[in-house]
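The values are calculated or read from the model by the stated rules, or taken from the named source; none is laboratory data. Bear in mind that the values here come from a model prediction, so they are computed numbers and not experimental data. Don't worry about glycine lacking a Cβ; one is built from the backbone with ideal geometry, like all the others, and counts go over all protein chains shown. Areas reflect the complete protein model, heavy atoms only, side chains present, ligands, DNA and RNA absent. Shrake-Rupley method; radii C 1.70, N 1.55, O 1.52, S 1.80 Å.
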Amino acid sequence: MELINSSWFQPSTLLLTGIPGLEAVQIWISIPLCIMYLIALLGNSTILFIIKTTSRLHEPQYLFLSMLAATDVGLSLSTLPTVLNVFLLNHREIEFHSCLTQMFFIHTFSSMESAILLAMAFDRFVAIRNPLYYTVVLTHSRIMGMGLAAMIRGVVLMIPLPILLKQLPFCKDVILSHCYCYHPDVMKLACGPIRVNIIYGLSLVLCSFGVDSMFIVISYSLILKTVLGIASKAGQLKALNTCVSHIFTVCIFYVPLIALALIHRFGTFTSPLLHVTMANLFLFLTPVLNPLVYSLKTKQIRFTVHKLFKGKKNFLT
């Protein structure tokens, strides 16, 4: 490690943490983690393949779903090396710059996912509020533009995070709270003034996740107002049914994200096990459950998946 003075240095490596108190059984914990990664990668890749190869699924809601699946794949791949290293190989060290790189990708994909969830809420708003103008408003070029904007926003907003951390001196403690690198977690190890990092981190939360969630709530308030104006109960239920998958996805994304952010900022005295639990919920919940929810809830995708696997079975027999 390169010393800056007797007590400050920039560490060459940091130490990741598994589950406190369960180090002896981490090898067994790695089995369900591997299964969850397999579900996340295989499930989201299957959705991407189905939407790409099925022309009748080239509609706005499915194009947004493919963006969500691609983001979940990126998020899973960003954390896969360190999580399996810690739990499967008991290898806790991560090079400092690799940690900053992983942190950048985790936060970038999280920001992209938040923006895509907002775009999907807008998609449901247009579909229910103005169904006759649905294909006119949500053209393929506009959908691609929204996806590109989500990616650019994520990259531009998150680039300063590793740059600001790189300028800070660190103390002797180089042990992180999670099995992956998370900005507030790395920032807490710094010895120098972190006021700028705190302000920028808080601004990121408010300007990306905060603004996105606010507009999602507004979209669904307007959707609910429109649904309540439908005369028949059957029509109301049908309209709301098209939103169930997205509402569930929004909840499983934002609840662990908000809880983890609050724990890092205000949970100084909370149990380390709570830190790890919320971190793993944030890490696995959305990528694992999204493909399952949309495969079970969306008739077109369920039918295509069934047809795909039936065709493979017939081919093998």
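For the chain, set up a GNM with springs between Cα atoms under 10 Å and report which of Asn290, Asn197, Asn241 has the largest fluctuation.
In this elastic network of the chain, the residue with the biggest mean-square fluctuation among Asn290, Asn197, Asn241 is Asn241.
Name the residue from Met144, His91, Val227 whose Cα lies farthest towards the positive end of the charge dipole of the chain, charges +1 on Cβ of Lys and Arg and -1 on Cβ of Asp and Glu.
Selected residue: Val227.
Between Ile175 and Leu274, 0.36 nm times their residue separation minus their Cα-Cα distance comes to what?
The span from Ile175 to Leu274 would gain 34.0 nm if fully extended.
Leaving out same-chain residues fewer than 8 places away, which lysines sit with a Cα under 25 Å from that of Lys307?
Lys52, Lys297, Lys299
Can you give the charge dipole size of segment 1-154 about its Cα centre, rounded to the nearest 20 debye, using +1 on the beta carbon of Lys and Arg and -1 on the beta carbon of Asp and Glu?
In debye, rounded to 20, segment 1-154 gives about 640.
Among Tyr294, Pro11, Gly201, which residue has its Cα positioned farthest towards the positive end of the charge dipole of the chain, with +1 placed on the Cβ of Lys and Arg, -1 on the Cβ of Asp and Glu, and the dipole taken about the Cα centre?
Tyr294
By accessible area of protein heavy atoms, probe 1.4 Å, what ranking do Ile163, Ile216 get, highest first?
Ile163, Ile216
Separation between the Lys188 and Val217 pseudo-spin-labels, each 7 Å from Cα along Cα→Cβ, expressed in nm?
With each label placed 7 Å out from Cα toward Cβ, I get 2.7 nm.
In what sequence, largest accessible area first, do Arg195, Arg124, Arg92 appear using a 1.4 Å probe?
From most exposed to least exposed: Arg195, Arg92, Arg124.
To the nearest 10 degrees, how steep is helix 140-158 against the longest Cα principal axis of the chain, on a 0 to 90 scale?
10 degrees
Which value, in debye to the nearest 20, describes the size of the charge dipole of the chain about its Cα centre when Lys and Arg Cβ atoms bear +1, Asp and Glu Cβ atoms bear -1, and nothing else is charged?
1360 debye
Could you work out how much longer the chain between Thr54 and Leu281 gets when fully extended? Use 0.36 nm per residue separation minus the Cα distance between them, nm to one decimal.
Value of the extension gain: 78.5 nm.
Could you sort Val156, Val305 by accessible area so the largest value comes first, with the probe set to 1.4 Å?
Correct descending sequence by accessible area is Val156, Val305.
Along the positive direction of the dipole of the chain (beta-carbon charges: Lys, Arg +1; Asp, Glu -1; about the Cα centre), which of Val255, Leu132, Met103 reaches farthest?
Leu132
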